[in-house]
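The values are calculated or read from the model by the stated rules, or taken from the named source; none is laboratory data. Just so you know, these numbers come straight off a predicted model, no measurement behind them. Ligands, DNA and RNA are excluded from the accessible area calculation, which covers all protein heavy atoms including side chains. Shrake-Rupley method; radii C 1.70, N 1.55, O 1.52, S 1.80 Å.
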Amino acid sequence: MNKVFTLMSLTLTLFAVSCSHGYGKKDHHDHKKSHKSKMWKKMDIDKDGAVSKEEFDTFHANKFKKMDANKDGKVTQEEKMAYKKSKCAEKKEKCTNC
């Protein structure tokens with residue numbers, strides 16, 4: 001019984017921590033909303049307020065090319081993580097809230 005209680009307590013604590021990390025904070029929410037808005041603007045090449053399939057595909061094809069470090073036409077987990085790491089470093093340099 002004691003093991004069950006301890007396991008349940010640990011599970012609830014981990015769940016609470018994972019749910020609260022960054023969420024519920026206005027700055028975090030605004031930052032994510034701002035990021036999505038910037039992405040939308042980048043995809044909307046002709047600036048008509050809508051993203052066509054061609055614009056969407058072009059945006060993601062370019063992102064794929066940036067992630068494919070060795071240019072073999074495939075993106076590995078390592079390439080994806082290296083790309084994300086470089087993007088995070090760029091954001092931290094630009095971010096005034098970090």
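Within the range 63-98, restricting attention to residues that are among the polar types (S, T, N, Q) and open to solvent by less than 70 Å² (accessible area, probe 1.4 Å), the residue that is farthest from S34 (Cα to Cα) is T76. For L12, the conditions (1) at pLDDT 95 or above; (2) open to solvent by 100 Å² or more (accessible area, probe 1.4 Å) all hold with the exception of (1).
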